[in-house]
């Protein structure tokens with residue numbers, strides 16, 4: 001019983017819980033449809049950043065083709081819904097398709113490390129982008145897909161879709177935290193820290209690498225599918241390498257191997273540039289690049305790991 005109480009207390013005092021509570025209150029004070037749209041897209045990028053961190057930050061599989069899974073999830077879900085399948089089922093189908101592709105990519109890439117893995121995953125991302133761009137008969141190429149049905153049983157309003165996004169975001173955080181704090185997460189970290197030693201200790205490194213790719217690509221596909229049903233229009237740019245670069249920057253700035261760090265950084269890096277959009281439309285790219293340079297120079301572990309000891313000190317000094 002005491003163990004259950006300790007686990008419950010550690011759960012509800014985790015900063016991720018406070019983040020979700022704060023986000024759930026946003027529509028009460030934020031009534032602008034434009035800013036709710038920005039918050040929804042920030043939530044989707046946060047799901048992408050968390051899923052990438054699970055793969056690269058915990059398992060050490062640095063992938064630069066993450067936008068490929070995002071695009072696959074978006075297009076499969078959109079095409080299925082346009083073909084008459086329920087948007088809810090098409091969202092699941094898109095996520096499972098992205099996961100299946102992730103497993104198929106992981107199998108031949110499992111023996112690759114460092115820059116070789118990075119180059120292989122860049123190739124996957126570029127191939128996905130080119131297929132979406134040139135398979136005009138199916139994807140309509142650069143024209144993109146329009147008329148994607150929104151989710152049934154959910155009012156097509158910014159507030160409704162914001163809370164729907166928040167539900168998927170919370171689910172992603174919950175599964176990610178449960179994964180990394182289980183024996184699976186322990187094996188992920190062992191592979192990340194020393195793959196040879198992990199293999200000698202009896203860990204099936206191939207199995208856990210594939211599992212990391214499967215979980216990560218599933219949630220990337222989920223974010224992609226949701227974006228299609230929310231915006232109702234998608235284009236091949238959903239699988240462009242620039243999306244991956246943004247997601248990687250979010251994870252690195254927030255703090256790899258923390259889950260919470262990439263989630264917070266994604267919201268910050270999507271919201272802050274919008275506040276400065278009137279100054280320059282290119283300010284977002286400049287801001288992300290500048291912040292990335294500063295973080296790598298002064299706190300390469302990321303911003304959140306540097307601030308987390310302060311939070312723990314505050315929690316220890318607060319009344320029990």
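Each reported figure results from applying straightforward, stated rules to the coordinates on display, with no laboratory input. In this text, all values refer to a predicted model and were calculated from it rather than measured experimentally. Neighbour counts are summed over all protein chains in view; Cβ atoms, including those assigned to glycine, are modelled from backbone coordinates with ideal geometry.
What is the fewest-to-most order of 206, 196, 23 by other Cβ atoms lying within 10 Å of their Cβ? With the fewest neighbours first, 206, 196, 23 line up as 196, 206, 23. Residues 209, 158, 297 in ascending order of nearby Cβ atoms (within 10 Å, fewest first): 297, 158, 209. For the pair residue 104 and residue 135 in one chain, pulling the backbone fully straight at 0.36 nm per residue adds 9.1 nm over the alpha carbon distance. Ellipticity at 222 nm from helices only: DSSP H runs of n ≥ 4 in the chain, each -39500 (n - 2.57), divided by the residue count, give -24500 deg cm²/dmol. Between [x] 31; [y] 39; [z] 22, which matches percent of Cα pairs over 34 Å apart calculated for the structure shown? Answer by label: [z]. Relative contact order of the chain: 31 percent, from C-alpha pairs under 8 Å at least 6 residues apart in sequence.
Ranked for footprinting exposure by Cβ neighbours inside 10 Å, fewest first, 66, 229, 37, 31 give 31, 37, 229, 66. Fully extending the segment from residue 122 to residue 271, taken as 0.36 nm per residue of separation minus the present Cα-Cα distance, adds 50.9 nm. Between the stretch 226-273 and the stretch 169-188, the alpha-carbon centres lie 19 Å apart.
Each label point was placed 7 Å from the Cα along the Cα-to-Cβ direction; for residue 37 and residue 282 their separation is 2.4 nm.
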